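The values are calculated or read from the model by the stated rules, or taken from the named source; none is laboratory data. Predicted model, so just to flag it, every value in this text is computed and none were measured. Here Cβ is always computed from backbone atoms with ideal geometry, including for glycine, and neighbour counts include all displayed protein chains.
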Amino acid sequence: MKDATSHRWRFFRSGGFDQVRLDTPADLAALRTLDQKLWTALACPVTGLEFDARTLAYLDGDNDGRIRAPELLNAVDWVLQRLGDPGVLFSGDSLPLAALADNDEGRALHAAARRLLTNLGKADAVALQVADTEDLARVFPPEKPNGDGIVPALMADNPGVQEAIADIITALGSDADRSGEQGISEEKITAFFDQAALLQAWQARAAADDAMRPLGDATAGAAAALNAVRGKIDDFFNRVRLASFDPRAGALMNGEEAELVRLAALDLANTGDAARLPLANVVAGRALPLLDGINPGWMSALAAFRDQVVTPLLGDKSELSAAEWQGIVEAFAAYQGWLAEKPVQAIDVLDAGRVAAMVADGTREKLLELVALDKSVAVEADGLLDVDRIVRFQKNLVVLLNNFISFRDFYTHRAKAIFQAGTLFIDGKSCDLTVRVGDMAKHSAQAAASGSYLVYCDCTRPGEAKKMTIVAAITAGDSGKLTTGRNGIFYDRNGVDWDAHVIRLVEHPISVREAFWTPYRRIGKMISDQMQKMAASRDKAMEEKAAAGVGSAATKVETAAPAPAGAPATPPVPFDIAKFAGIFAAIGLAIGAIGTALAAVAAGFLALKWWQMPLAMLGVMLLVSGPSMVLAWFKLRKRNLGPLLDANGWAVNTAANINIAFGAVLTQLAELPAGAERSLTDPYAAKKHRWVWWLLLIAVVAGAVWGYEVNWFGMK
């Protein structure tokens, strides 16, 4: 192959910029010499693309979720080094084993591929396909070592070791094995048994100090029984002290009478309703009864405290003094302090005895042996992984290059680009430029700079929780009836249909044709709105006037005194014509001025020759629509794909324009099929509007006759 620095590049122009053609292995070999300023993109995300996810994962060498130019160049170098016939990158969906290079890397891949085909029962096959490596559980069975250092439970023959792996996963979580199963790594094994060592050291402190265990092995249970009633017993003795301090407090310390009345009205089968009352009746200087006169809500807990704590320490007692209670608290003080120092760790979800048994059985060493066994086949396993990598690169790498270094698939329209999510059908249009969106608010803020009319849709399927958001660019036709809330159908790249619901519009010019009619639509809308406002205002005024008249009449009937018999009626106020003369004059002047202006326009128009009249009408239309059309034309020429992709994490390196002609390809308008029959008769429209056409015909004929009589056409 000739020197890459002397490589002769070929470019094609589309989208307003030059794009490189990658058609031969020589183009790939010289790729590092191509100035990256000529690349269409310099980075793209690994999510939101219609592309093989595992290929993208192989390309993302630093696992940062993005593919950059250096990573793509490294992938090209890697695959060229291992192929003796790089031409297979441009043809077919299978990798012939004979195409592998005759060097150390190629021979290692050849051996790994043969081993894989044998394991798959295809020992005589001469080529590999992506389907052969698609299921990693077949390539890397979970019960066999695969070199990644992750040990799933199925890899262990010993049931005890399998149970230990499950326990560690419960406590610390799992790692994904190459087989797809969940397992544990050396890091998790080490972390688990380090925590177990801390737990055992903490337990050993209590075993070595008898002062921490006042009741020996029964101390733990006794401490739990003590802690269950400790707060309530402290509350009781504090109430007794207050009653001793002030006799008036005695009755108050036993609870409000209203609370007792409330309890009396309840069904006390559940004694928990009384638990808020004191532990026993409060009397100055009284000891705590342990058998009788106890709050029913605390009888069970107090009985356990008496049996497990009081009796072993003080003997059989029916009551407990404040001094004895303080002595019990002090006896357990060291143990309580030791409990508070217990290390809080993830392995606390497991029983302490189970953790101790795992340590005693040497489980740590057994697990580390499995990790070592797994890592011992790393070279062989990595070879199988490289087989999967090169098979996917053979099928997908050139496709990615033609959607990264150039946007060849997009601009030639021979295949959908990897960023095109599917096709949206809405409002009599099909939109091919659709992109998946993660954060709509963030995306729309940046994508608005594309200059395209954007429609954001939420896409759902009946009975499925899965939902996705897309944005579609309308690049031809007009906005029609597109509004927030409209519904359409979205077909993804697999042909699956989704219900599409419009949730946001970013409005920009769509076509010059739409711009021509925009001023007239605005004028029509303005007139319609003003007429509606005028009608609504007039209707409201009439309602208010009628209501006021009815109210005034009713008031007069209620408040007016009866007129004396024979008294003359109040004469009506005469109409003062002078008062309204100014108004009538102003209205007359306005109507006259408007009429004069219209007459002048009509006279000037009629003074034109017949062939000048269409030109005059055309000139008026251009005067009205021309500015809008020119402005739209300039904006349409600046439509740019870059912001639409940059908002998704791409780094588009050029002005990827979408001109008017290409926009008409990306958005298809509804058209009748070729050869279709069409009836122009609309029975409903004909019955309703036939008279309009007759009047128009009569007016045209009358105008022609009049024009001939006055020699308007210059024919006499």
| note | Of the candidates 161, 229, the one satisfying the condition of being under 28 Å from residue 286 (Cα atoms) and surrounded by 14 or more Cβ atoms within 10 Å (Cβ to Cβ) is 229
| query | Which of the residues that make up segment 495-530 are among the basic types (Lys, Arg) and modelled with pLDDT of 70 or more? | reply | 504, 513
| First in segment 282-311 and without any contact (Cβ under 8 Å) to a residue 24 or more places away in the chain, second anywhere and polar (S, T, N, Q) and surrounded by 14 or more Cβ atoms within 10 Å (Cβ to Cβ), Cβ under 8 Å, 6 or more apart | 293/281
| Mind checking which residues of segment 327-348 are among the β-branched types (Val, Ile, Thr) and in contact (Cβ under 8 Å) with a residue 60 or more places away in the chain? | 328, 329, 347
| field | Within segment 328-377, tally of residues that are within 26 Å of residue 224 (Cβ to Cβ), assigned to a helix (DSSP H, G or I) and of a type in the set (D, E, K, R) | value | 3
| query | In segment 461-475, which residues are of a type in the set (D, E, K, R) and closer than 18 Å to residue 495 by Cβ? | reply | 461, 464, 466
| query | Among the residues of segment 318-351, which ones are hydrophobic (A, V, I, L, M, F, W, C) and farther than 19 Å from residue 198 by Cβ? | reply | 320, 322, 323, 325, 328, 329, 331, 332, 333, 334
| said: For the structure I just gave you, tell me whether residue 197 is in contact with a helix residue (DSSP H, G or I) (Cβ under 7 Å, 6 or more places away or on another chain) and over 20 Å from residue 141 (Cα atoms). | reply: no
| said: Please pick out the residue among 671, 677 that is modelled with pLDDT of 70 or more, within 19 Å of residue 510 (Cα to Cα) and in a loop (DSSP other than H, G, I, E, B). | reply: 671
| task | Just give me the residues in segment 424-444 being part of a strand (DSSP E or B), in contact (Cβ under 8 Å) with a residue 60 or more places away in the chain and surrounded by 20 or more Cβ atoms within 10 Å (Cβ to Cβ), in sequence order. | result | 424, 426, 429, 431, 435, 436, 437
| task | Determine if segment 401-412 includes at least one residue that is within 20 Å of the chain's Cα centre (by Cα), of a type outside the set (Ser, Thr, Tyr) and in a helix (DSSP H, G or I). | result | no
| Is there a residue in segment 192-208 that is crowded, with 17+ Cβ neighbours inside 10 Å, in contact with an Asp or Glu (Cβ under 7 Å, 6 or more places away or on another chain) and among the polar types (S, T, N, Q)? | no
| remark: Counting only residues that are buried (at least 17 other Cβ atoms within 10 Å of the Cβ) and among the basic types (Lys, Arg), segment 12-27 contains a total of 0
| query | Scanning for something farther than 30 Å from residue 338 by Cβ and modelled with pLDDT under 90, does segment 215-223 turn up at least one residue? | reply | no
| request: Using the structure shown, decide if residue 206 is modelled with pLDDT under 85, touching a helix residue (DSSP H, G or I) at 6+ places or on another chain (Cβ under 6 Å) and assigned to a helix (DSSP H, G or I). | output: yes
| Hey, among the residues in segment 309-343 that are within 60 Å of the chain's Cα centre (by Cα) and among the acidic types (Asp, Glu), which one's surrounded by the most Cβ atoms within 10 Å (Cβ to Cβ)? | 330
| Residues of segment 295-306 classified as surrounded by fewer than 18 Cβ atoms within 10 Å (Cβ to Cβ) and modelled with pLDDT under 85, total | 1
